[in-house]
Each structure stands twice: as structure tokens, then as C-alpha cells.
Amino acid sequence: MRMNELGFYTLAGAPRSPRDLIDEVQQGEAMGLGAAFISERFNVKEAATLSGAAAAASSEIGIATAATNHNTRHPMVTAAFAMTMNGLAGGRFSLGLGRGIDRVFDAYGLPHIKTAEIEDFVSLMRKIWNGEVVLGHDGPAGRYPLLAMGPEYQARIPLTFTAFGPNSLALGGRAFDAVVLHTFFTDETTARCVRSVKRAAEEAGRDPASVRVWSCFATVGDHLPEALRLKKTVGRMATYLQAYGDLLVRTNDWDPAVLERFRADPFVAGFRGALDATATTDELSHVATLIPDDWLAPAATGSAERCVEKIRGQFDLGVDGVILHGASPKELAPVVEAYRKTREADRFAHLPANPAGPVH
């Protein structure tokens, strides 16, 4: 049974080896998970390489980058990457883009990504994939004398966008085929984001149902060791607060004073690197005292059955799919099995394997 409404992130967090992806994708496919999402870090998680490996290791599961950044490759390189993946995966691939993290871009000398640039870039991709010749382009995405693959290369490749703030949500609705929300969004935030995406699609003259919205939902069951659960919940939240805490707190309407106390803590202030990657269990236990329980509550935790209840609650908020975030297929197995037993198959029969593909 292919459950195209469920996905997972392969190589969650800091992987031991990129080769772990091969086993994870094969396990996820065997379990019936619908899609494997690939995040990108500038180390051993380069998205194009991992996407190819995922396609070669599978035959049915959908694959999406969620996300890579358009400004790290020339448009023709990205267009060729997606066209190659489309053929390699037999139409199961979606190119997923995101804004990136300003602090990282500053460190690497990359410009911050603006909404207009992404929208312009999406337009370029669709033209190139349609076999068109783009001459003398001069727009927000850059100046390019010629962009073309040739008329013999034509494909409809779905596009996914990882969205956070209101401008990104609106862009996702009017220009993309799927939107991936952020982890640890409250129920109110998730419902509001779904409405924003669907409304933007409708205002752009599109069918709102054609833009799939994915909840990125931390899924950390009690069957996992306590230290690992701490890393996947407290560690992950702390890392988000390190990277873009202001945006997350503002989006969820949380108390900014809590974030200030978190940042002012001597351990946090002096820590170098991502907390979920290198902090010890004892250090994360200390960090846990700085994060309110209600900030960690938007997640699937507890018994497998309780996790399933929380996952089903996401669908009730209006999302079209749920990414079981922060865990490998092996770690998700009890939850997925519990979900399968009471799954409403007819409710999701219209969803294709491609996580941004057109609904039936």
C-alpha cells in the first residue's frame, strides 16, 4: 500500500555517511511511505548527488529536494539537474527550492534571496523545461544571453517551495505545485498557512487543490531512546532558534522574551555550531530548561498510537501531506505500522507518488 500522503526526510540531521540514504530510501519505499524529501547542507548532503542516488535506489517512492537554493547553481545547471532527475526517476521527482539561511549566505559571500528572484527563476525553469529558447533575459534572477536545452527536451517537472513567512506562502500558492511548511508550527499557524497558500493560488487563477501543502511534523515516538528523543526535539528546536529564532517566534506568536533568555544563556551564547549536531545529552538537558513545553508540543510524540493521533490532526488542519520529520524509516516503523492499520485509503487515493505532482 503506497501512502502518498506521508513522507520522510532522508539523512535527517547530521548523517554518519551519505550512503545511509540508500538504505533509508529502500526501507521507506518498502514500508509504503509516499515520498523521500532531501534537505541540503554544504557538506555531505549536496542535493543533486543525493537525488540521483535516491532515484537509482528506488522505483516507486516520490523524491523532492526540500530544499536547495537557486543562487548556488547556474540556471542551466539546475534545469539540467531536474531534467536528468525527471528521466532517471520516471517522473517521480520534484525540484524543491527555498530561501536559505541569511547567516550562512553571509558567511559564504552569497546574496540574500528575494521573492522576486525566486518567482523569476521558476518562470525560467518552466520555459526551459517546455523546450523554449530564452534570449536576452534580464530580470530579478539575473542576466542571461541564452538559456535553452533544445526542443527535444520537454517535461512537466513539478516545483516545491519551502515556505515560512507570508510572502513565501503567497509565492508558493501562485507559482509552485507544492509547499512544505516548517517544523514546530502550532495548529493555529499551520491552519493559517494552509489558508494563505490556497488563497494565493485562487487569486492567481489556479485551482487551490492543485497546490499541495505538506506539514513538516516532528515525529519522535517513545520507542526511541530518551537521549535520541532529546536530540530530535530539544536539539532540533534549539538549532532552529539559533538559525532563525526571530522568524519562528514571530510566526507562532510566541513570547520573544523567552527567545532572548535562550540566547543570553552562557552555554548557548558560547556554543559553536548546531546544537542538534554536536551538543551532548547533558548539554541538551540544560537547553531543555530554556525551552517551554508548549513550544515543543507541535510534534508527534508518545506511544505509536498517540503519534498517529497527532499526525491525523495535521490533516484536519487542512494539509495534503505530512512529512514525518526528524527520523529515519527504521525509527518511524512502529508509527507507520500503527497508522497503516486505520488509514483512510479513499481519502488519499487522488494523490500521486510525486510529492508535488498533479492530483487526480
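Quick notes on this structure:
- Lys/Arg +1, Asp/Glu -1 at C-beta; the chain dipole; positive extreme among Gly52, Leu146, Met76: Leu146
- Average Cα contact separation per residue, the range 1-102, under 8 Å, 6 or more apart, as relative contact order %: 25
- With the highest mean first, a sort of the peptides 278-287, 316-325 on other beta-carbon atoms found within 10 angstrom per residue produces 316-325, 278-287.
- At R0 = 22 Å, FRET efficiency that the Cβ-Cβ distance of His350 and Ser59 yields, to 0.05: 0.55
- Taking the Cα centre of the chain as reference, the dipole from Cβ charges on Lys and Arg (+1) and Asp and Glu (-1) amounts to some 480 debye.
- For the range 194-234 versus the range 136-177, the gap between their alpha-carbon centres in whole angstrom: 22
- Shape class of the range 307-354 from the alpha-carbon gyration tensor: rounded, with the ratio a/c of largest to smallest axis under 1.5.
- Anisotropy class of the range 224-301 from Cα gyration tensor, a/c 1.5 cut: oblate
- Rounded to the nearest 20 debye, the dipole magnitude of the range 224-301 is 260 debye, with +1 charges on Lys and Arg beta carbons, -1 on Asp and Glu beta carbons, and the Cα centre as origin.
- Computed [θ] at 222 nm, helices only, for the chain once each DSSP H run of length n ≥ 4 contributes -39500 (n - 2.57): -13500 deg cm²/dmol
Bear in mind that the values in this text are calculations on the coordinates, not laboratory data. Quantities reported herein were computed from a predicted structural model and do not represent experimental measurements. Cβ sites come from the backbone with ideal geometry, for glycine too, and all protein chains shown count toward neighbours.
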